[in-house]
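Reading through the structure tokens given below for one structure.
The values are calculated or read from the model by the stated rules, or taken from the named source; none is laboratory data. Here the structure is a predicted model, which is why all the values come from computation and not from measurement. No Cβ is skipped: glycine too gets one built from the backbone with ideal geometry, and neighbour counts run over all protein chains shown.
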Amino acid sequence: MADPPSFRRHPLPFSIDLVRWLPSSASSGRLLAAAVHDPSVPASSRLSLLPLHDPASPLASLPLPSRPTALRCSPSVLAAATSSGSLHLLSSSFDTDSAVSVPGGAGFHVGPVRGLDCGGEGWVTAGEDGRVHVVSDGGDGRVVARRVWDGKGMSGYGAARWASSAEFATGGAGCGVQWWDRRKGDAVVAQCKGVWGRGVATGMVHSIDIHPSRKHVCVVGGSSGTIFAWDLRWAQQPIPLSGVGLDETAQPLCESEVWEVLFDNYTQSSDIISSVSTRILPVMLCSEDGILAIVEQDERPLELLAEPCAINSFDIDPQNPSDVVCALEWESIGVLTRGRDAMSEE
Amino acid sequence: MPGMPADSGGAIVPFSGEPKHAASALPVRPIRHGVPPPISRVYISWSSGNLLQVACLRPPSPEEGAGRGAEEVAGRVVEVNLGVGAGNGSAEVEEEVDEAEMRRIEYGSVPAFALLQSRKNALADAAAMQHMHSVSEHAEWWQYVLEYSKTIGNLLGNQDSLPALMIEDPRAILKVREKPTSLKAAWELLEIFYVDKELHSWLPERLVDWLADYDSLLTKTDGTVYFKLNNFQKKLINLQIVENDDDYWNGLSAALSVGWLDVVVNMLRFHGSYQLGQMDNRETENGLVEAVAVLVSTMPRMRPDLPKGKLGQCCKTRPDFIKAWEKWRGQVSKLECSAFWIQCSHQKTRDGLKNLLHIMMGNIKDLTAATSHWLELFASHFLYIRPFTVGFEGMHHLAQKCIQLKPSFDTNGLTGLLNGILSENPEVVLAECTKKFGPWMVTHCMELLAADNDYADIMLHEERPNFGGISIEELHRLVYAQVLCSHSSTWQIAPTYLSSCLNQGLGLLEILLLKQPIQDNRLVLKTLELCRLYELENVGTNIMKIAGCYHWKHGRKGTGVYWFQQAHDKVRLDRIAQQLFERIGKSVADDNFKQWEGLLELLGSDIGSAGGLEFLHRYRDFKRSLQQALEGRTGEAARQTVEFLIQQLMRNPSTPQRFWLPLLHDSVKLLNCKPRPLLNVAETTLLLNKLQELSMAKLRPDFCSNHLPSHAL
């Protein structure tokens, strides 16, 4: 880990909203899935398969009806949700003929679907329209969407994440984080407003992550540079990790929207012994003010990147956790290689 | 913009107010709006970027207004992208730099520009303290500008970025490189003349280097040294004996005249006398070729260093150079008078080599013949005739002479630009940049022009009444910002430029931010971030209010209330609370309990008492507890509910009278509760009193009837 991280920016001839690593094999090389659109061509939103060595020339593309708002990849399936409320699934080998979709509309979501995750019985979707669905395989290549909840516009969701096969968490504007248990009648069993910076009572949740080995802890990113952890065992006391005005003395890590958060398996927790149960594991975040950083409870944050433009999305390669890809506002993607792998990559 | 529905096929034709312009000259764009005629109204407004929103509305049908709406469209909004297809004749540079590439340059130049502006402001503050007149008097200023210039230059294309081939073709005359762009060429030209002070002593050599990089761009019609060599390269594959070909010797003299010494030496080695079989009988000839090659490669150059692969001997100081120059010239003329020429049997070799020597000796006639473009002739003068040319005046004079000898038609703006520079005319330079390279170039090159030039500094920064009180610099920045705003991806960088415009920038920035679409929450957040950065809190608050109204109207009440709360919009929140209060009082049905409960939750308790929200929260708590009591049927829960009813609601004077009846209705449920009576005598009396009061009130004229089941009373 002595080598400094290397960062490479690839300018692209199109805008990237979201980016994810795809499971790669030795033969295919390393691949990325990206939600892209060409700003000068109307209705050009699509999901593209980009090779890591030359992201400017996509290998394949799946046209989408509107701008993608969420993108997730399970080991076998790639899913994208759009701002018109539709969901598109295709195999992670990017076989565009295998694509199936759930159209947006009164029967599904109306408006952007921001929360999307794979797990449990299928894909959970949570939209700004306040609806929550679980989409599962209905056999014969069809998919079935089941409505879990219709908030009738009283809440608008911005994130969703499975914790176990029956539990998931959602978050949104004004409603903080909610914990759902499908065994208890598809209901919210716990709720948390969160700890928001700048003295506001509430903020917008943009992203939630739950560590597979600690399913009772959510880490949440949202407005005003806010990141907090929510441990279900102490549901009334969310743990602030970063935010404006939380600590008067320290300069906040970032002051604007935290777009995505992910637990970072690559960073070793500084205190291994006590980290077994109570400490929150290191979390990576990207923000509107161009920060890619790692925050840890009671530790100084580690800033990996400070770009002049927003970082809208990032992903840590599950197969190669030292590598991070991020989507930059200025029509480019960046690839960050950390640690000793930096030498062998070049 | 005026618009009207045309009769033919429902197309909408924009027309200008001036009748002089024939309609045929206007671009007519049919819009497929899909609204069946008749169309009564057309609204047109600008959306983000180049998008125009056209709303076509049908006249409202009087008898069946709402019922028919679902089946037949009452109107539709169509977005028209004006940027696509409509040729934008902004600048010729667009031809060689495509749109995506230009956007990459635009994005990349933002940090450099912002850094330079902040340094300028810091120095201006320091200058004010030390009573200096301008920022450019600071010693470090030009270095800052140079750093800026290098950053932007790298952005425009990196000459060395292509990986060197492992095996180079020995017969390749010209190195394969990234295709140069005139944008980069123009930028470098400005950097050479306006910014880099360290270069000034060897400016002529720097110009020669520049020409070597960009010779291919000079002209497309008249021919250049580059094209001569390129053509010969193509011919070379089929040539057996190169020295018999005139193009070989022409190419050699052309390359030498503009100082491409490495090319000349490389080409000389193609000479047939080097071939193994020929060595013996062409020994003298080969010796002459080699002697010329050695002379070429040892030519003295007045410059600190040479890039890798280039030939010549560097002389850092003038005396060194003069010494080396005289010695070298002596060797050249000695070879020219040598007796070996008589022994050289090959006529073309003899003439060709002698021509090269004449060029090296600075023979004007041969130089003029060897070069094609006036700039090449200009460069050859520096190399072989006047290596000490300094100062703009001398250069300009020389340039005029060269143009007279080799007039050419300027197509790419580079020679025009050079002319402007040499004639010390920043207005001309600026005009050439505007005309040929577009707003990006003008905005960014103004920093170079004013770096060390007081006249340009004043010219750019003087506020002009005929421009509405703004300076030329601000004018060009505003124009560039408008260009950025017209694209949905680049509008976010426009604020950087607008904020550097002191007079009108901030006003335009506010307009730009307020015009951004508010439909998408993420985009709103991006706009709000810009408001935060530029401390435009009022604008941010307005945007949040607009977004709140939009979401509220579209049924996303949660998001709507969220934005109102963020905007601290007391007026709207109070109105929502008021409406809620009124609606709840009208009905006691339990099915919509859930819905208003959610809204109540959203509004929170900090709204104050304006809408009776405090009471509603208590009422909500009572309802919840009642529900639990009825479901659970435990005596304790029911008892608590009764206490809540009596203490918190019935005895509280702030409970509005109109809620009495619903509350009494609920209490009936509790009365019926088994196994033991929950209400004591005093409590029952209180309830009965309330009921009586209500019955009396019913007789009064201002009584408002509630939708209650009739048996409640």
Any hit, segment B:342-352, residues being surrounded by 15 or more Cβ atoms within 10 Å (Cβ to Cβ), modelled with pLDDT of 90 or more and under 30 Å from B:Leu203 (Cα atoms): no
Count of segment B:560-578 residues which are surrounded by 19 or more Cβ atoms within 10 Å (Cβ to Cβ) and either within 12 Å of chain A (Cβ to nearest Cβ) or touching a residue at least 60 places away in the same chain (Cβ under 8 Å) (or both): 8
Within segment B:117-151, considering residues that are away from chain A (no Cβ under 14 Å) and closer than 20 Å to A:Ala306 by Cα, the one modelled with the lowest pLDDT: B:Arg119
Unmet criterion (only one of (1) in a loop (DSSP other than H, G, I, E, B); (2) within 14 Å of another protein chain (Cβ to nearest Cβ)) for A:Pro23: (2)
Among (1) surrounded by 21 or more Cβ atoms within 10 Å (Cβ to Cβ); (2) within 14 Å of chain A (Cβ to nearest Cβ); (3) free of Cβ contacts under 8 Å to residues at least 40 places away in the same chain - the single one B:Ile543 does not satisfy: (2)
Positions within segment A:45-64 being surrounded by fewer than 16 Cβ atoms within 10 Å (Cβ to Cβ) and assigned to a loop (DSSP other than H, G, I, E, B), in sequence order: A:His53, A:Asp54, A:Ala56, A:Ser57, A:Leu59
Qualifying residue in segment B:405-414 (condition: part of a helix (DSSP H, G or I) and in contact with a Gly (Cβ under 6 Å, 6 or more places away or on another chain)): no
Subset of segment A:189-218 that is buried (at least 17 other Cβ atoms within 10 Å of the Cβ) and over 24 Å from A:Arg279 (Cα atoms) - its residue that is modelled with the lowest pLDDT: A:Thr202
Sole exception among (1) under 22 Å from B:Val296 (Cα atoms); (2) surrounded by fewer than 19 Cβ atoms within 10 Å (Cβ to Cβ) for B:Glu393, by number: (1)
For A:Gly153: the one exception among (1) farther than 23 Å from A:Ser313 by Cβ; (2) more than 14 Å from chain B (Cβ to nearest Cβ): (2)
Test: residue in segment A:112-122 that is under 19 Å from the mean Cα position of the chain (by Cα) and not in a strand (DSSP E or B): yes
B:Leu513 vs. criteria more than 11 Å from every other protein chain (Cβ to nearest Cβ), touching a Ser or Thr at 6+ places or on another chain (Cβ under 6 Å) and in a helix (DSSP H, G or I): yes
